[in-house]
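Just so it is clear, none of the values below were taken in a lab; they were calculated from the coordinates. Remember, predicted model here, so these are calculated numbers, not experimental data. Reconstructed Cβ throughout: ideal geometry from the backbone, glycine too, with neighbour counts over all protein chains shown.
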Amino acid sequence: MLMKTLKKIYQEQKTFQKYFFDLETMSTKERVNWSKEFILSIHRELGEVLENLPWKPHMKSNYKKIKYEDLGIELIDCFKYLLNLFILWGIEPKEIVKLFFKKSKRVRKKYAKQQKK
């Protein structure tokens, strides 16, 4: 069920990308350039996520005033740009899941090793 949803999200974003470029004819140089643009866009969107949070340690914060829908929208913007990178480089949903768990295993193993020190 979750994989089906991920595939649907992936396909929706891939279809939207067609307004901007044709993946079939794109050169590696163009992919690198678009990657840079998407990474810079993610960076900007992460700034907008931060703007939706009371993060400044020197300011008195009202954590009850966090607008979760606005926060969620900004996080989705980040997700969409990240998804664009996966699509740009031909990393399909099944591979995303496989790589996610592979990386998670490495991180857990590294964390466990550090805890033993």
Among Ala112, Leu75, Pro57, which residue has its Cα furthest toward the positive end of the charge dipole of the chain, with +1 on Lys/Arg Cβ and -1 on Asp/Glu Cβ?
Ala112
State whether the chain is rounded, prolate or oblate according to the following rule on the C-alpha gyration tensor (a ≥ b ≥ c being the square roots of its eigenvalues): a/c under 1.5 gives rounded; otherwise a/b larger than b/c gives prolate, and the remaining case gives oblate.
oblate
Below 8 Å between Cα atoms, with a sequence gap of 6+, how large is the relative contact order for the chain in percent?
36 percent
Here the residues of the stretch 75-107 lying in the modelled label zone of Lys4, meaning backbone nitrogen under 19 Å from a point 7 Å along Cα-to-Cβ, are 93-95, 97
Could you tell me how far the Cα centroid of the stretch 77-109 sits from the Cα centroid of the stretch 27-67, in Å?
19 Å
Of all trypsin sites (Lys or Arg not before Pro) in the stretch 1-59, the ones in DSSP coil with at most 16 other Cβ atoms within 10 Å are Lys18
Arrange Leu46, Leu40, Leu2 by Cβ neighbour counts within 10 Å, fewest through most, would you?
Leu2, Leu40, Leu46
Spelling out what I want: for every residue of the stretch 95-105, take phi, set θ = phi - 60°, compute 6.51 cos²θ - 1.76 cosθ + 1.60 (Karplus), and round to whole Hz; glycine and proline get x.
6, 4, 4, 4, 5, 4, 6, 4, 5, 4, 4
Along the Cα→Cβ direction, 7 angstrom out, place labels at Phe20 and Glu51. What is the inter-label distance in nm?
1.9 nm
